[in-house]
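**Student:** One structure is given below, represented as structure tokens, and several questions about it will come after.
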Amino acid sequence: MATARSKHLVLILARELASNLATPTLIADAEGTLVFFNEAAEEIVGRGFSEIGEMPMDEFSASFTPRTRNHAPLADERRPTRIALEERRAAHEQLWVLSRDGVDRQVAITAFPLFAEADEFVGIVGIFWRE
Amino acid sequence: MRVRIWGCRGSVPTPGPQTVRCGGNTSCIEISLDDGTVFVLDAGTGIRELGNQLAENGVKHVHLMLTHLHLDHLEGLRFFAPLFDPESTIDLWGPRSPVVTLKERIRRSFSPPLFPIDLMDTPGRVNFHELPKTQWRIGEARLIASLIVHPGPTVGYRIEADGSSVAYIPDHEPALTGDFARRSRDWISGGSIAEDVDLLLHDAQYFEEEYDGRLGWGHSSVDSAMAYADAVGARRVVLFHHDPTHSDETMERLEAEARSLGSNTHDPPIVAREGMVLELPSR
């Protein structure tokens with residue numbers, strides 16, 4: 001009689017919001033798993049979410065070889081998504097990413113934590129801004 | 001497990017000759033288990049008569065599970081007999097809020113100018129419980145509460161006991177999450193409480209054409225309710241939270257509409273009626 005664990009309602013609502021945004025947006029859950037990115041993000045990612053599926057956020061981020069504005073490797077602890085997940089605060093960074101289609105792109109990323117009910121951390125939203 | 005409906009009207013009580021068959025009392029369900037445990041789901045005006053029945057039967061302990069604190073789910077509590085019986089205990093469960101405790105939020109409805117008696121002055125013992133984040137047990141029953149789409153902190157409940165399961169989602173607008181019927185169940189609002197459930201009591205306040213003008217009010221059309229039942233694999237559906245403008249004749253049309261939608265549930269959908277008793281056999 002056991003049931004599957006549902007995504008938190010806040011993530012379900014965030015996904016619906018992201019699905020309707022023209023701004024590239026991704027969502028990760030509280031365990032740090034990438035659970036969704038929208039169609040607008042496909043241009044940056046280079047593939048659709050259905051092709052990639054859920055995966056650890058760190059693994060997903062690293063696959064883009066993120067670099068600073070001077071093209072130096074971006075330290076893991078400076079990644080906005082890592083900061084939002086681990087420190088549970090908003091973060092913003094300008095950086096270069098190498099998309100899966102082989103194109104180098106300059107973007108900015110804003111990430112922020114999502115809290116539900118009284119104090120429950122349920123995940124993060126990351127937004128890409130084309131520079 | 002035995003489920004009895006004491007109130008199934010949505011939004012506001014609607015007594016009168018037009019609502020005799022479905023009833024005019026607002027949301028209240030009684031679930032009785034084989035071991036004598038009594039769950040009361042929501043405290044709409046239906047809870048008043050239930051309280052009298054509990055007193056008559058000598059029941060001194062109930063678990064009151066609130067889905068949310070909108071008035072039509074709380075307004076009967078002030079007239080619930082166990083609250084005024086010094087030998088009674090109510091374990092009251094409800095959703096957490098970011099700012100104010102459950103106790104304080106409920107206490108507001110027991111204060112001037114809304115009511116003359118303070119909640120703390122009622123003789124019955126009330127133990128307040130903000131809902132756990134994970135499943136929990138009460139006696140032999142396993143319970144899950146999950147936030148669902150409705151304005152303000154609102155949960156649905158799943159209770160599993162005596163070899164069967166019931167999900168209670170009286171106020172719910174899953175259509176706001178997009179085309180949920182095409183999503184995997186983990187992306188469906190309330191999916192973990194309604195999945196493959198034996199009995200689903202679900203919001204079906206509107207006809208589809210009525211819903212168009214009420215988007216975002218927190219309720220479902222009958223079409224959406226049946227699509228939800230199919231998406232989560234519910235075996236049996238009882239349509240709940242009747243619109244106050246819907247007469248008994250209108251509710252019969254709504255039931256016929258639900259049956260015409262060709263759902264995959266094992267039994268044809270029915271609309272909730274006050275006094276209805278549903279026995280859930282062990283599977």
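**Student:** Once you place label points 7 Å from the Cα toward the Cβ at A:Arg67 and B:Asp179, how far apart are they in nm?
**Tutor:** Result for the modelled spin labels: 4.0 nm.
**Student:** Average projected area of the Cα convex hull of chain B, in nm²?
**Tutor:** With the hull built on Cα positions only, its mean projection is 14.3 nm².
**Student:** Which one of A:Phe36, A:Ser99, B:Trp187 has its Cα pushed farthest toward the positive end of the charge dipole of the protein assembly as shown, where Lys and Arg give +1 and Asp and Glu give -1 at the Cβ?
**Tutor:** A:Ser99
**Student:** So, R0 is 60 Å and r is the distance between the beta-carbons of B:Arg2 and A:Ala75; what FRET efficiency does that work out to, to 0.05?
**Tutor:** That gives a FRET efficiency of 0.45.
**Student:** As a check on your grasp of the helix formula, calculate [θ] at 222 nm for chain A: sum -39500 (n - 2.57) over DSSP H runs of n ≥ 4, divide by the residue count, round to the nearest 500.
**Tutor:** Result for chain A, helices only: -6000 deg cm²/dmol.
**Student:** On a C-alpha basis, how far is the centre of region A:40-91 from the centre of region B:53-132 in Å? Whole number, if you could?
**Tutor:** 48 Å
**Student:** Also, I was wondering about something else. Placing +1 at every Lys and Arg Cβ and -1 at every Asp and Glu Cβ, with all other atoms neutral, what dipole size does region B:2-279 have around its Cα centre, in debye to the nearest 20?
**Tutor:** Here the size comes out at about 720 debye.
**Student:** Using a 10 Å cut-off around each Cβ of peptide B:179-189, what is the average number of partner chain Cβ atoms that fall inside?
**Tutor:** 4
**Student:** Sticking with this structure for a sec: Set the Förster radius R0 to 51 Å, insert the Cβ-Cβ distance between B:Asp35 and B:Glu208 as r into 1/(1 + (r/R0)^6), and round the FRET efficiency to 0.05.
**Tutor:** 0.75
**Student:** More than 29 Å apart: what percent of Cα pairs in the protein assembly as shown qualify?
**Tutor:** 49 percent
**Student:** Which residues in region B:77-105 place their backbone N less than 12 Å from a point set 7 Å from the Cα of B:Ile117 along the Cα-to-Cβ direction?
**Tutor:** Taking a point 7 Å out along Cα→Cβ of B:Ile117, the residues of region B:77-105 whose backbone N falls under 12 Å are B:77-86.
**Student:** Listing B:Tyr211, B:Tyr168 from the residue with the fewest other Cβ atoms within 10 Å to the one with the most, what is the order?
**Tutor:** In increasing order of surrounding Cβ atoms, one gets B:Tyr211, B:Tyr168.
**Student:** Straight-line reach from B:Lys133: which aspartates and glutamates have Cα under 13 Å away, leaving out those fewer than 8 places along the same chain?
**Tutor:** Counting by Cα, and skipping residues close in sequence, B:Lys133 has these aspartates and glutamates nearby: A:Glu117, A:Asp119, A:Glu120.
**Student:** Contour minus end-to-end for B:Ala55 and B:Arg253, with contour as 0.36 nm per residue of separation and end-to-end as the Cα-Cα distance?
**Tutor:** 67.6 nm
**Student:** Using the count of nearby Cβ atoms within 10 Å as a rough guide to exposure, how do B:Ile169, A:Ile52 rank from fewest to most?
**Tutor:** A:Ile52, B:Ile169
**Student:** What FRET efficiency would be calculated for the residue pair B:Leu71, A:Glu59, taking the C-beta separation as r and a Förster radius of 35 Å, to the nearest 0.05?
**Tutor:** 0.10
**Student:** Here is a further query. How large is the translational diffusion coefficient of chain A in µm² per second when you combine the Kirkwood radius over alpha carbon pairs with Stokes-Einstein at 20 °C and 1.002 mPa s?
**Tutor:** Translational diffusion coefficient: 144 µm²/s.
**Student:** Would you work out which of B:Leu71, B:Leu33, B:His61 lies farthest towards the positive end of the dipole of region B:1-83? Charges go on Cβ: Lys and Arg +1, Asp and Glu -1.
**Tutor:** Of the options given, the answer is B:Leu71.
Each value in this text was obtained by applying a stated rule to the coordinates, not by laboratory testing. Computed from a prediction, not measured in an experiment: that's the story for all the values here. Using ideal geometry, Cβ is built from the backbone for each residue, glycine included, and neighbour counts are taken over all protein chains shown.
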